[in-house]
Amino acid sequence: MRPPLPGGARGCPVLATPAVRATAGFGIIHGRLCDLFLGAFNRAREFVMLQILRAKLHCIRVTGCELNYHGSVTLDPEQCREAGIYPLEFVYIWNKSNGQRISTYVIYGEPGSRCCILNGAAARACQRGDEVIISAYEYVNGPQDLYSRKPVVLTFNEDNSIHERLRYVVDGEEEGDFGFHVETE
């Protein structure tokens, strides 16, 4: 039982107003509404959705900009599969050369082409040869899910060939803490 609030409400400030108390059957209705309201509120506070990194193409170079094309970023499907990035997936792109940040979706280009082509409005944010970081995300149910995720990070050479494949790892579950390290595959 919650301690009473001023006006006789049982812990529900929204329903403790004089107008609500004057309603017929206030005691029964008020108690049930407060329990529903506060119960849902407390459950929502316990449930935390986190958006976390799932895949990253680090320092891939822009191979083209097509302003008069449908908006998106065209990527080599072989490299996308290696990282775990899907067609039509929403991604964030950060241009290391000029600081621009954009978001768009992925379309697959020619396999083996090593392409990174910004299309439509995104073409205004980059130039051929700019280094960009492309990242895909996922939602997890809370911090406890961080331990089971190991996002793939691909780094690139100047010709957009894959330089190395990394995994970002959150450790420390045994200690109830969060540590971080990078694994090379």
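Any read-out appearing in this document is the output of simple, stated calculations on the displayed coordinates, not a laboratory observation. Just so it is clear, the model here is predicted, and its values are computed rather than measured. A quick note on method: Cβ atoms are made from the backbone with ideal geometry, for glycine too, and the neighbour counts reach across all protein chains shown.
Structure notes:
- Charge tally in the Cβ shell below 15 Å around E110, where Lys, Arg are +1 and Asp, Glu are -1, E110 excluded: -1
- Centre-to-centre separation between the Cα atoms of the stretch 74-128 and those of the stretch 134-185: 20 Å.
- Net +/- balance of residues flanking A136 in space, Cβ distance below 9 Å, scoring K and R +1, D and E -1: 0
- Charged neighbours of V73, selected by a Cβ distance under 12 Å, balance to -3 (K, R count +1; D, E count -1).
- Bridges between two residues of the stretch 48-185, per DSSP, are antiparallel at a rate of about 75%.
- Pairs of alpha carbons in the stretch 64-185 whose separation is greater than 20 Å (percent): 48 percent
- Estimated inter-spin distance, D145 and R81, nm [label 7 Å along Cα→Cβ]: 2.7 nm
- Nearest-0.05 FRET efficiency for H181 and A121, computed from C-beta distance (R0 45 Å): 0.75
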